[in-house]
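The numbers here are math on the coordinates, done by the rules we state, and not lab data. Values in this document were obtained by computation on a predicted structure and should not be read as measured data. Neighbour counts run over all protein chains shown; Cβ positions are idealised from the backbone, glycine included.
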Amino acid sequence: MAKSALNNTGPLEVKSQHGGVPVLMYHGIAGPGTGPIPNAERKYWIPVSQLTAQLEKIVSGGYLVAPLCHLWWLKNFPQRPLALTFDDGHASDYTVAYPLLQEFGFRADFFINTASVGTTGYLTWNQIREMHKGRMSIQSHGHEHVDLSRLSPTALSKQLEHSKKSIEDQIGRAVEFLSVPFGLVSTRVITEALAQGYRAVCTSRPWPAQMGETEISRMAIHRRMSSRRFESLLAGSFWPYATACLRQAMLYLPKQVLLRHKPAALTVQVSGEAQ
């Protein structure tokens, strides 16, 4: 199996051709033993064969894969920088994704909800510590998987503080990045995250990320994404990102209406302390 270009890369001095870094966002990886997947989440779960094929394309394309904590500091990017992120802390992160990433020699960022740790279908602290020792980056997805943008100031502060501290206590390393559940980010969430010591907030805005900024855009990888579209995303081609942004813009107002009046229709959970 070919290894990551990170292992054979020279000085990181060539600027990215597309002016940003593709940051890919995965959720569940369906493999042997992952169990039934809720219908509402199916499009976010990709089969292990699809993830394997995508990692092979990353290798063949000569991309340099590194965790956000490395790329965020760079002023000059390698020619083909790339970050892989996994949200929600599903058990498949350990049983399926982690061994595959190790096989390819890739490192990734795993964003976990600390309230879910140890519950059915999610990572345990032992697994998280093992992944950390295996050079994976463990970051925060909040304490609970709720709409942070609608929490009271006190509840928001507790969610971000508890998650950050819990992870740091378990792995012995600073948590630097927050991934916002459901992609529901707001200025207030970003401000509070920075005040809590996070360096940046990862969003679901489908655009190449500008490293060093307080918001990190990411492109969600779906089950139905074609191989050709995936290759275009890696290359930083304009149209795949532009069409994704257009679709997101068209759905913005209907989504806001549902969020206010019927959040369950979007499978969005709202804490009892929401405003």
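Worth a mention:
- Per the Debye formula on identical point scatterers at the alpha carbon atoms of the range 20-266, with no solvent, log10 I(q)/I(0) at q = 0.12, 0.16 Å⁻¹ is -0.66, -1.28.
- Counting charges near P67 (Lys, Arg +1; Asp, Glu -1) among other residues having Cβ under 13 Å from its Cβ returns a value of +2.
- Gained length - R135 relative to A174, 0.36 nm times residue gap less alpha-carbon distance: 12.7 nm
- Relative to the Cα centre, the charge distribution of the range 20-266, modelled as +1 at Lys and Arg Cβ and -1 at Asp and Glu Cβ, gives a dipole magnitude of about 580 debye.
- Close lysine pairs were tallied over the range 20-266: pairs 8 or more places apart or on different chains with Cα atoms under 27 Å apart number 10.
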